[in-house]
Amino acid sequence: MSTHELAEVERLRRHLAQSRRLYEVRDDGQGGRHWQEVGPKDFTPLEPEGDPPPFSAKLFFFAERELLFRFDGGQFYSSLPEVRPQAIFGLHACDLQAIAYQDRFFAQDPHYQARRHATLLVGVECRESCSNGFCSLVESGPLVGDGLADLVLVRRDDARGWWLRVGSAAGAEAIRELRLPTNLDGCQATRESNAARVALAQLHDRELLDGVAALNAGQVSADTWETLGTHCFGCSGCTQVCPTCSCFAPLEQVGASGEVQHERVWDSCLYEGFQAEASGHNPSASPGQRVQRFWLHKFGEPFREQFGHYGCVGCGRCDRVCPGGIGVHGVIGEVGRP
Amino acid sequence: MIDLTPRKLHLLDSYEDGRDARHFSFRIDFPQAHDLATMPGQFFMLAVPGVGEAPFTYVSPPNLYGHFNALIRRMGNLTDALFALRPGDTLGYRGPFGKGWPLFFSPRRVLVVAGGCGLAPLAGLIDEASREHLSSRLSVVYGARRDEDQILARERLRWKLAIPFIETLDDAAAGQRRGTPLDHFDEVFATVQPDTLLCCGPESLMLGAARASVEHGIQPSRIWVSLERRMHCGVGLCGHCYIGASYACLDGPTYRYDRFLALTGATDSCAAPALQRC
Ligand code: SF4
Ligand code: FES
C-alpha cells in the first residue's frame, strides 16, 4: 500500500466530508470532548494529540440503543439500520485496535456490520503517550497495525505537513481525486521514533504485565477480588467507555398502536442482576466475581487466543471514569504486586 | 449473518404437567431443513410479544411440520404472559441453539440423573433410548421435592415400561422412594454399572452427582451436565450467559464435566460452594 505527502490535513478532511458524513472529536464548549459531525466547509485545524475522547468510536457500530425487530400483531419484521457513508476521522491506534477486536466479535451481527461497512476509518498516529495510556504494552499502539484503518495520518517531525498511509482499497479510492504525490522518505524513521518515545514514556507501567501474569496464573485470590469488589459502585462507567465492551440487554416496548418494538441497549457485566435468572439463581452474585469477570474478559489468555489480542487496548479510559479507583491501574496494577 | 428476528410460532395447545408447569405444543411457521437437525438438549428462544425472549429446551424436537413440545415452568413475567395465552396465539421463535447431549448409545451404559424440571432437556434423549429398546444401556434416576413437583407425567408412564426408571422424592409418602437421586447411587451403580453420566437439575445436584460418579469410577470426561444461565441472544453476542471464557448459549448448555471444571477454574472438591442454586 502507498504512502503520500499531505501538506494540509484539513484539506483531506474537507474532501472526505464532501461525499460522506464525517465525525471528529471536538470540544463541546462545556468542557467535554465528543465525536461530532464536521461539514465539508469546516476549516478548524485538527488537534490530533492528547487523551483519547471519553467515549470511544464503538458507538458508531455497536449503537448504544437500537431497534432489532418489530412485531405488528401478525408478523415479525427485522430492522436493519440504513447507514449513510461515514468517516471517523482521527482515530488513535488503540481505538483502531479495539474496532478490529469488535469486528471479529460482531462478525456475524448484521446490525454492527451494516454500520461498519458504511464507514471509512482514518487513523492518526500518536507522537506522545496520553496520560493513562499503555498501548505499547498491549501491542495496540502508538503505530496503527496493518489493515486496521483505511487511511493513517503520520505527522512529519519538521512540521512540514503529514504523510498519509493508505491501508485499504477503500482508502485509496477515497483519496484518488486528491492526486497526492507519493513519498515515503523518512516516514518509517519518524514512526519508529514515535513508537520508541511512547514506549519509553509508558515503561513505568510494566507492572501491569505482572498483574496480567498473576491474573492468568490464577494467583489472585477470591478475597482480593472481593476487596476490589467493595470499590465497585456498579455504575457501568467502565463498560460504557471501554472500546471493547460489547454486552447488551433487550428492551421491549409496546407502542400506542400496539406495535411491539424490540431494541437492544448497552448493558454491563458489573450490574448485580446481569446474570440473575428468573429462578432467582445468580451465578455472579458478588461484586468481586463481577469485577473478576470484567478483567478476565480484558486480559484472560483464552480470550486472547480467540481474538488474537487482549480485550484491553490500553486506552486508560476506565482509570479516568471509575469513581471507585478500580480502573485498569487500580486493579491490574494492584494484583501484580508481590 | 445471524438473524436476530424471531420467526412466527403458533401456540397449538398446552396442559398442566407438574406444579406451576405446563406442557406446550407449538408449530413453527414454515419450518426449514435445519429445524429437523435439532438435537435433544439444545434450546430455543421463545418470544412472547410485548414481554421479551427467553430460552427453553425441547421435550420433543421439531418434526417435518414444525411441531414440537416444551415443558415450561412459571417463573416470572415472561412465563406469566405465556401461561395467559390461548391456542392459536402467535409467538416468536429462534433456534435451535447450543450443544445438545452427546449421542453414543452403542457400547455405553448411560446413567441419566435429573432433578425437578431438569428432566425436560433429557426427555428427547430418553425417548430415543426407550424407542430403540436400549433398556440395558440407559437408566434414569429422577428426583423431585414432592410428587406435585414431578413433570412429564405422560412420558414417565411410557418410559417406565421401557427402561429402568427410578423416581425418588424428598418428601416421600409410604411406598415411595425417599431422598435425592444421590441417595440411590450405591444401588444404581451396583445394578447397572454405568460408565457415562448425563445430568440436569439444580447445580448442587449436578455437581454432587458428578462427584459421586467420579467416586464410583466414572471418568470426568464421561460426565455431562446441563447448565442454566440467563440468556438474551442465544448466539454468543449479548454476553449474559458466560461461564469462564465460554458462552453457554454456544458451547453449552451441555458441558462435559471436566471442561466445565476447567472453565470455572474449580476442582471437583471446591466447585460446589461457588455454585449453589435452586
Ligand atoms: S479495560 Fe480500560 S484501558 Fe483497557 S481498553 Fe477498556 S477502558 Fe481502555
Ligand atoms: S445468550 Fe447472549 S451471549 Fe449467550
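The values are calculated or read from the model by the stated rules, or taken from the named source; none is laboratory data. Quantities reported herein were computed from a predicted structural model and do not represent experimental measurements. Glycine gets a Cβ as well: all are built from the backbone with ideal geometry, and neighbour counts include every protein chain shown. Surface areas here come from the heavy atoms of the whole protein model, side chains and all, with no ligands, DNA or RNA. Shrake-Rupley method; radii C 1.70, N 1.55, O 1.52, S 1.80 Å.
Evaluation of A:SER257 against the conditions (1) touching a residue at least 24 places away in the same chain (Cβ under 8 Å); (2) open to solvent by 50 Å² or more (accessible area, probe 1.4 Å) shows that the sole unmet condition is (1).
Looking at the stretch B:228-254 only, could you name the residues that are within 6 Å of ligand 2 (Cβ to nearest atom) and either in a strand (DSSP E or B) or of a type outside the set (Gly, Ala, Ser) (or both)? Within the stretch B:228-254, B:MET231, B:HIS232, B:CYS233, B:LEU237, B:CYS238, B:HIS240, B:CYS241, B:TYR247, B:CYS249 meet the criteria.
Taking the numbered list (1) without any contact (Cβ under 8 Å) to a residue 12 or more places away in the chain; (2) buried (at least 23 other Cβ atoms within 10 Å of the Cβ); (3) more than 9 Å from chain A (Cβ to nearest Cβ) in turn, B:THR254 passes all entries but (1). Report yes if A:GLY314 is away from every other protein chain (no Cβ under 14 Å) and either within 15 Å of ligand 1 (Cβ to nearest atom) or in a helix (DSSP H, G or I) (or both), otherwise no. Yes, satisfied. Scanning the stretch B:23-44 for residues that are buried (at least 18 other Cβ atoms within 10 Å of the Cβ) and within 14 Å of another protein chain (Cβ to nearest Cβ) turns up B:ILE28, B:PHE43. Going by the structure shown, is A:ARG115 of a type in the set (Lys, Arg), within 25 Å of A:GLY145 (Cα to Cα) and within 14 Å of another protein chain (Cβ to nearest Cβ)? In short, yes. The set of residues from the stretch A:132-172 being within 16 Å of ligand 1 (Cβ to nearest atom) and surrounded by fewer than 21 Cβ atoms within 10 Å (Cβ to Cβ) comprises A:ASN132, A:LEU137, A:GLU139, A:GLY145.
When the stretch A:224-269 is filtered for residues that are within 16 Å of ligand 2 (Cβ to nearest atom) and assigned to a helix (DSSP H, G or I), only A:THR239 remains.
Got at least one residue in the stretch A:313-336 being within 16 Å of ligand 2 (Cβ to nearest atom) and either crowded, with 18+ Cβ neighbours inside 10 Å or more than 25 Å from the chain's Cα centre (by Cα) (or both)? Before the answer, list the steps.
Narrowing the stretch A:313-336 to residues within 16 Å of ligand 2 (Cβ to nearest atom): none.
No, that holds for no residue.
For the stretch A:270-312, a residue qualifies if it is away from ligand 2 (no atom under 16 Å from the Cβ) and aliphatic (A, V, I, L, M), and the qualifying residues are A:LEU270, A:ALA285, A:VAL291.
Pairing residues of the stretch A:166-188 that are farther than 22 Å from A:CYS126 by Cβ with residues that are of a type in the set (Val, Ile, Thr) and surrounded by 18 or more Cβ atoms within 10 Å (Cβ to Cβ), at Cβ distances under 6 Å and at least 6 apart in sequence or on separate chains, gives A:ALA172/A:VAL166.
Kindly establish whether A:ARG264 is away from ligand 1 (no atom under 13 Å from the Cβ), within 11 Å of chain B (Cβ to nearest Cβ) and open to solvent by less than 30 Å² (accessible area, probe 1.4 Å). Outline the logic, then answer.
Details: away from ligand 1 (no atom under 13 Å from the Cβ): yes; within 11 Å of chain B (Cβ to nearest Cβ): yes; open to solvent by less than 30 Å² (accessible area, probe 1.4 Å): yes.
Yes: the conditions hold for A:ARG264.
Of all residues in the stretch A:1-57, exactly one satisfies the criterion of being open to solvent by less than 70 Å² (accessible area, probe 1.4 Å) and at positive phi, namely A:GLY50. Applying the selection to the stretch A:9-33, what residues are closer than 13 Å to A:GLN86 by Cβ and assigned to a strand (DSSP E or B)? Answer for the stretch A:9-33, where residues must be closer than 13 Å to A:GLN86 by Cβ and assigned to a strand (DSSP E or B): A:ARG21, A:LEU22, A:TYR23, A:GLU24. Every listed requirement among (1) within 14 Å of chain A (Cβ to nearest Cβ); (2) open to solvent by 60 Å² or more (accessible area, probe 1.4 Å); (3) aliphatic (A, V, I, L, M) is met by B:MET206 save one, (2).
Which of the following residues is open to solvent by 20 Å² or more (accessible area, probe 1.4 Å) and assigned to a loop (DSSP other than H, G, I, E, B): A:GLU305, A:GLU277, A:GLU272?
Details: A:GLU305 fails: assigned to a loop (DSSP other than H, G, I, E, B); A:GLU277 fails: open to solvent by 20 Å² or more (accessible area, probe 1.4 Å).
After applying the criteria, what remains is A:GLU272.
When the residues of the stretch A:74-83 are filtered to those that are out of contact with any strand residue (DSSP E or B) (no Cβ under 7 Å at 6 or more places or on another chain) and open to solvent by 50 Å² or more (accessible area, probe 1.4 Å), the one that is farthest from the other protein chains (Cβ to nearest Cβ) is A:GLU82.
Residues in the stretch A:238-261 that are at the interface with chain B (Cβ under 9 Å from one of its Cβ atoms) and touching a helix residue (DSSP H, G or I) at 6+ places or on another chain (Cβ under 6 Å): A:CYS245, A:SER246.
Out of the residues in the stretch B:199-258 that are aromatic (Phe, Trp, Tyr) and more than 13 Å from the chain's Cα centre (by Cα), state the one that is farthest from ligand 1 (Cβ to nearest atom).
In the first step, residues of the stretch B:199-258 are kept if they are aromatic (Phe, Trp, Tyr); the result is B:224, B:242, B:247, B:255, B:257.
From what is left, the residues that are more than 13 Å from the chain's Cα centre (by Cα) are B:242, B:247, B:257.
On the way: B:TYR242: 17, B:TYR247: 20, B:TYR257: 32 Å.
Of everything passing the filter in the stretch B:199-258, B:TYR257 is farthest from ligand 1 (Cβ to nearest atom).
When A:GLY288 is tested against (1) in a helix (DSSP H, G or I); (2) open to solvent by 30 Å² or more (accessible area, probe 1.4 Å); (3) more than 11 Å from chain B (Cβ to nearest Cβ); (4) of a type outside the set (Asp, Glu), exactly one condition is not met: (2).
The residues on offer are A:ALA100, A:ALA107, and the sole one that is closer than 30 Å to A:VAL212 by Cα and within 14 Å of chain B (Cβ to nearest Cβ) is A:ALA107. Every condition in (1) touching a helix residue (DSSP H, G or I) at 6+ places or on another chain (Cβ under 7 Å); (2) under 25 Å from A:LEU148 (Cα atoms) is met by A:ARG304 except one, and the failing one is (1).
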